[in-house]
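Have a look at the structure below, then the notes.
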Amino acid sequence: MIRNLKIKIGFVGLSHLGLTYLTAAAEKGFKVSGFDINRSKINNLKNTEMDLAEPNLKSLIKKNFKKITFTSDIEDLKKSDLIFLSQDVPVLNSGKSDYSIIHKYINLIKKNIKKNTVLIILSQVSPSFTRSINWNKSKLFYQVETLVFGNALERAIHPERIIIGQHDKLIKTNAKLINFYKNFNCPIIKMNYESAELCKISINLFLISSLTFANKLSEICENLNANWTDIVSALRLDKRIGTYSYLNPGFGLSGGNLIRDLFSIKQLSKQKKIESSLFDNFFFYSNYFKRWCLKKIQKIKLKKNDSICMLGISYKENTLSTKNSQALYLLKHLKEKKIFLHDPYVDTGIFCKISKNYYQTNDFYLSIKNSKIILILVPWNSYKKINSLKNISIFKNKIIFDPFKIITNSKIINLAEFYLTLGTRNEI
């Protein structure tokens with residue numbers, strides 16, 4: 001049942017986080033306003049132009065465009081009943097969060113919005129951050145976001161649950177906020193600020209532990225006559241583990257979110273003088289598995305004219321972000337190699353400036369044909385077309401790195417000199 005669509009909602013900060021939740025609210029029938037200090041971004045959004053590859057985001061914004069107002073004037077949000085601070089927090093290379101833009105937005109809100117407005121922090125912050133904000137605590141909340149690049153809209157529109165932090169879990173939650181949340185037809189879990197902030201980190205730490213476990217066991221499979229994919233099918237049927245568990249191996253921790261929360265819990269442990277070697281091990285194993293491709297490439301005796309085809313520059317599919325991606329890691333260590341770079345969405349031209357040996361290409365077929373080593377680093381759907389290529393002879397005597405098992409055509413695999421994938425025994 002739809003409840004109180006007259007509630008006015010504002011979103012401050014229109015990064016991936018803000019645009020996703022704004023679109024979800026509009027899809028539920030609410031009129032929403034989105035503010036960002038970047039006027040160029042606002043002008044682009046007014047023309048439904050954006051630099052995000054999130055599936056269905058652009059089409060849903062177009063669908064609900066009459067319900068959405070994009071503005072670079074913070075005063076346009078004065079009439080909002082609920083304001084969500086929804087700017088993604090930048091993550092430094094060290095893993096530490098950079099809160100400068102968050103503080104800037106908070107100061108803007110405090111100066112221009114009435115204090116009786118309900119403020120909800122959606123941005124990824126560390127424990128105790130929300131309580132430190134100078135705002136009427138009965139109208140200040142923290143919402144745990146659990147979006148996933150590539151599936152963010154689905155998770156925002158149909159969440160498994162909504163987790164909110166308030167200054168005291170026992171007090172009555174603001175009626176307008178509850179009415180808004182009830183439109184999402186899921187359990188609403190209340191806790192205090194610090195519990196909610198730590199809950200966000202806890203979720204990511206469980207994912208990190210699952211990823212580390214999967215990587216370590218897949219490595220053991222590679223050194224035995226065992227197949228991790230077969231084992232995973234059995235694990236998922238165990239109710240204690242589950243269908244949606246993070247059991248697919250990969251290249252350690254990529255992007256920024258998991259690394260940010262791992263850094264946060266390590267810093268928090270240090271501040272509270274709590275033993276933290278477990279978290280140090282997560283960092284260690286992340287860096288260890290980041291080297292999977294590189295270690296195998298270094299075993300290959302390439303001829304002078306042999307080149308490498310690198311397919312996928314982003315850190316995962318359905319995102320333009322290259323932060324901590326496997327491609328960037330390899331490019332830093334293979335500057336002397338001739339490399340063809342391809343990605344369906346990321347502009348690879350900017351990386352070609354790093355070395356005269358890197359070449360931008362829009363045709364992955366030609367890149368494969370002209371290379372000795374083929375690295376399929378991101379499981380973009382477009383790379384599945386490889387299986388239906390007519391001239392598969394181009395794979396003869398090639399060395400194929402297919403960690404995510406994009407190639408299902410056994411004829412291609414049999415043509416290769418070596419076919420390498422995560423979790424299965426393979427030697428060079």
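Worth a mention:
- The orientation-averaged projected area of the convex hull spanned by the Cα atoms of the stretch 1-124 comes to 8.2 nm².
- Rounded to 10°, Cα long-axis angle of helix 16-27 versus longest principal axis of the chain: 60
- Helix 257-271 vs. the chain, principal-axis angle (Cα, 0 to 90°, nearest 10): 70
- The simple Förster model, with R0 at 41 Å and r as the Cβ-Cβ distance, assigns Arg155 and Lys301 a FRET efficiency of 0.35.
- Here is the size of the stretch 79-177 from its Cα atoms: Rg then Dmax, 14.1, 41 Å.
- Dipole check for the stretch 201-290: with +1 at the C-beta of Lys and Arg, -1 at the C-beta of Asp and Glu, and the Cα centre as origin, the magnitude is about 400 Debye.
- Charge context of Asn409, other residues only, Cβ under 12 angstrom, K/R +1, D/E -1: +4
- Gyration tensor analysis over the Cα atoms of the stretch 195-349 returns equivalent ellipsoid semi-axes of 30, 21, 16 Å (largest first, whole Å).
- Pairwise FRET efficiency - Asp76 versus Ser210, Cβ, R0 = 56 Å, nearest 0.05: 0.85
- Descending semi-axes in whole angstrom, ellipsoid equivalent of the stretch 201-290, from the Cα gyration tensor: 26, 15, 11
- In a fully extended conformation the segment linking Thr69 and Ile171 would gain 33.4 nm over its present Cα-Cα distance, using 0.36 nm per residue.
- Multiplying each eigenvalue of the alpha-carbon gyration tensor of the stretch 302-428 by 5 and taking the square root yields semi-axes of 21, 17, 14 Å, largest first, rounded to whole angstroms.
- Label-zone membership for the stretch 393-428, site Asp230, 7 angstrom Cα→C-beta point, backbone N under 11 Å: 425
- Summary value for the chain: 12 percent relative contact order, contacts being C-alpha pairs under 8 angstrom separated by 6+ residues.
- Computed over the stretch 93-151, the convex hull of the alpha-carbon atoms projects to a mean area of 5.3 nm².
- In the stretch 126-279, the inverse of the mean reciprocal separation of distinct Cα atoms equals 18.0 Å; this is its Kirkwood hydrodynamic radius.
- The stretch 36-94 and the stretch 199-243: distance between their alpha carbon centers, rounded to Å: 36
- Potential lengthening of the chain between Leu237 and Lys6 amounts to 78.7 nm, from the contour at 0.36 nm per residue minus the alpha-carbon distance.
- Only the Cβ atoms of Lys and Arg (+1) and of Asp and Glu (-1) were treated as charged; on that basis the dipole of the chain about its Cα centre amounts to roughly 520 debye.
- Theoretical gain in end-to-end length, Ile428 to Cys186 [0.36 nm per residue, Cα-Cα removed]: 82.1 nm
- Descending by average beta-carbon neighbour count within 10 Å, the peptides 83-95, 260-272, 107-119, 228-240 line up as 83-95, 260-272, 107-119, 228-240, the highest first.
- Of the three principal axes defined by the Cα atoms of the stretch 379-428, the extents in descending order read 28, 23, 13 Å.
- Size estimate for the chain follows the Kirkwood approach: the inverse of mean 1/r over distinct Cα pairs works out to 23.6 Å.
- The stretch 146-179 and the stretch 377-419 have Cα centres separated by 42 Å.
- Debye log10 I(q)/I(0) for the stretch 237-287, one point scatterer per Cα, at q = 0.20, 0.26, 0.29, 0.31 Å⁻¹: -0.81, -0.98, -1.06, -1.12
- Here r is the Cβ-Cβ distance between Arg291 and Ile101 and R0 is 30 Å; the resulting FRET efficiency, rounded to 0.05, is 0.35.
No lab work stands behind these numbers, since they all come straight from the coordinates. From a predicted model like this one, the values you see are computed outputs, not experimental measurements. Heads up, the Cβs are rebuilt from the backbone with ideal geometry, glycines too, and the neighbour counts pull from every protein chain shown.
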